[in-house]
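I have placed the structure first, in the form of structure tokens, so that the comments after it can refer back to it.
Please treat every number below as a calculation from the coordinates, not as lab data. Note that this is a predicted model, so its numbers are computed, not measured. Ideal geometry is used to build each Cβ from the backbone, glycine not excepted, and the neighbour counts take in all protein chains shown.
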Amino acid sequence: MNRLRQQLILLAVLALVFAACGDGDGAGTTADGGTATTGDGGTATTGDGGGAADFTLFGAPTGVEGEALQGFIDVYNEVTGSSITYTGVSEFEQQLRIQVDGGDPPAVAFTPQPASICSFADEGVLVSLEDMGFDIAAMEANHSKYWMDLGLCEDGNHYGIPWFPNYKSIIFYHIPTFEEGGYEVPETYEDMVALSEQMVADGQTPWCFGFGSGDATGWPGTDWIEDILLRQQGADVYAQWYNHEIPFNDPAVVQAFDTFGEIFFGEGFVLGGPENVAGIIFEDSPGPLFSDPAGCAMLKQGSFISNFFTTAADYEEGEESEVGVFNFPTIDGNPGAMGGGDTLIVFDGSPEIVQAVKDWITPEWMCTLASASGGGIAEHGGHGVTGVERLPGHKDVDVNCYESESAKTFASAVTAALAENTFAFDASDLMPPEVGQETFWTGMIDWTTGDSTQEVVDAIEASWPS
């Protein structure tokens, strides 16, 4: 555990170094027996029956993550007298579009794809934050202007409500394998390639991958391209890429694919072989880290993947201590901090629905959403599902709402980034849905099964809407 704590502390320090000095003065406060001002234009209900609502929240998480969200909703219902339910589907983007096109959208949804928000707003099916009475300045201070701007549409109104993020510029690793092999945590990408070669020479498979995700199969591969391109080209070119100010088949993007190929197509680097990665469900990808002996030594995934450690193969209580984390290595001396997040969008602006959404984004209710127990400090307790932790989407959430040391470290980095407005969002989530949620995903699968880099990026570029 000392080794784990050292790596987690390192991660926090690195993440904070990425952040520029900033100042956010909007603050949410927790309730103390009546109602509490959220700082975002609403009040947090505290069990007096106010704000009771009856609707369905629609989102992507299923399995244990879905159970945790329903657990959170159950607590909220008990406190407020509401009758809200949660529905999660793995094909969220497609199903949401079907519901909207059919004239029967959910009252509230939360999307991991901010690029889709303004398309719904342009159709006139969403309710703006301004119309719901949110304090936009406070929202920008509490949740970051960058994240708020992702839901700023052509009519000048905001339609996205930041809820909870995940942190992606990290790699999980099997501590005993590193200790027994005398391996050092790589500081550069070149070091990571060399480490992988050494592991293969020692009879160890370096990497686990899982790109399977139903209709969204392929998305885990896009995270590699994004982290690499961010480091190779910097934030400005990264933004030019997702804004299509440079084409998808720009040489910079080709370079990022080929750099990833040094790992992905390295001889003996990938458990099961790269051609089979699309058939491995991403939730199952941590499993080999917990087998005895470990089936692989490293896995790149977002911070949320630890929510699936409780269902990993041969997982036992306390076994998470064998898995550490290090920051995605530098390239040419350049670091980066990249992640995604879930953003609430509202289709039904009824007052009781709006009040529920305003409550959910307060530090008080995010503490309940944070962990099974709410860290023992949440006023209403936690969501009740062991092992599932949700990072904070508000800069003032207490890190002690979390149970694991890793989540506390991630939360510290995220709250600092939110306060200082420094967090590079997942590029595929910011591209037009036809690209970021379709051809980029399918292109990653084509690439894993033999299509050349140039063929893949040319096809994705051709799909970009004019």
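Points to keep in mind about this one:
- Projected over all directions and averaged, the alpha-carbon convex hull of the range 98-207 occupies 11.2 nm².
- Residue-wise HN-Hα coupling along the range 253-260, computed from phi with Karplus coefficients 6.51, -1.76, 1.60 (Hz; x: Gly, Pro): 6, 4, 4, 5, 4, 5, 5, 4
- Fewest neighbouring Cβ atoms within 10 Å first, the residues PHE72, PHE326 line up as PHE326, PHE72.
- Seen from all directions on average, the range 316-386 presents a Cα convex hull projection of 8.4 nm².
- Close amide-amide hydrogen proximity is noted between ILE170 and GLN301, PHE328, each under 5 Å apart and 5 or more residues distant or on a separate chain (H modeled in the peptide plane; Pro and chain starts excluded).
- Note on the range 194-278: the C-alpha convex hull projects to 6.2 nm² when averaged across all orientations.
- Eligible lysines near LYS300 by straight Cα distance, threshold 29 Å, same-chain separation 8 or greater: LYS145, LYS168, LYS395, LYS408
- Across the range 289-303, coupling constants 3J(HN,Hα) worked out from phi with the 6.51/-1.76/1.60 Karplus curve, θ = phi - 60°, read 5, 10, 7, 10, x, 4, x, 8, 10, 9, 8, 8, 7, x, 4 Hz, and Gly and Pro carry x.
- Under-5 Å amide H pairs with ASP54, H placed in peptide plane, nonlocal only: SER83
- Range of Cα positions in the chain per principal axis (Å), largest first: 64, 52, 40
- Average Cα contact separation per residue, the chain, under 8 Å, 6 or more apart, as relative contact order %: 26
- P(r) tail for the range 242-308: Cα pairs beyond 13 Å make up 73% of the total.
- Remark: relative contact order (the range 365-429) = 28 percent; criterion is Cα-Cα distance under 8 angstrom and separation of 6 or more residues.
- Pairwise FRET efficiency - ALA194 versus THR62, Cβ, R0 = 45 Å, nearest 0.05: 0.70
- Length released on extending from ALA52 to THR87, taking residue separation times 0.36 nm less the Cα-Cα span: 10.7 nm
- Karplus-derived 3J(HN,Hα), 6.51/-1.76/1.60, for each residue of the range 207-223, Hz, glycine and proline x: 10, 9, 9, x, 9, x, 6, x, 5, 9, 3, x, 4, x, x, 5, 4
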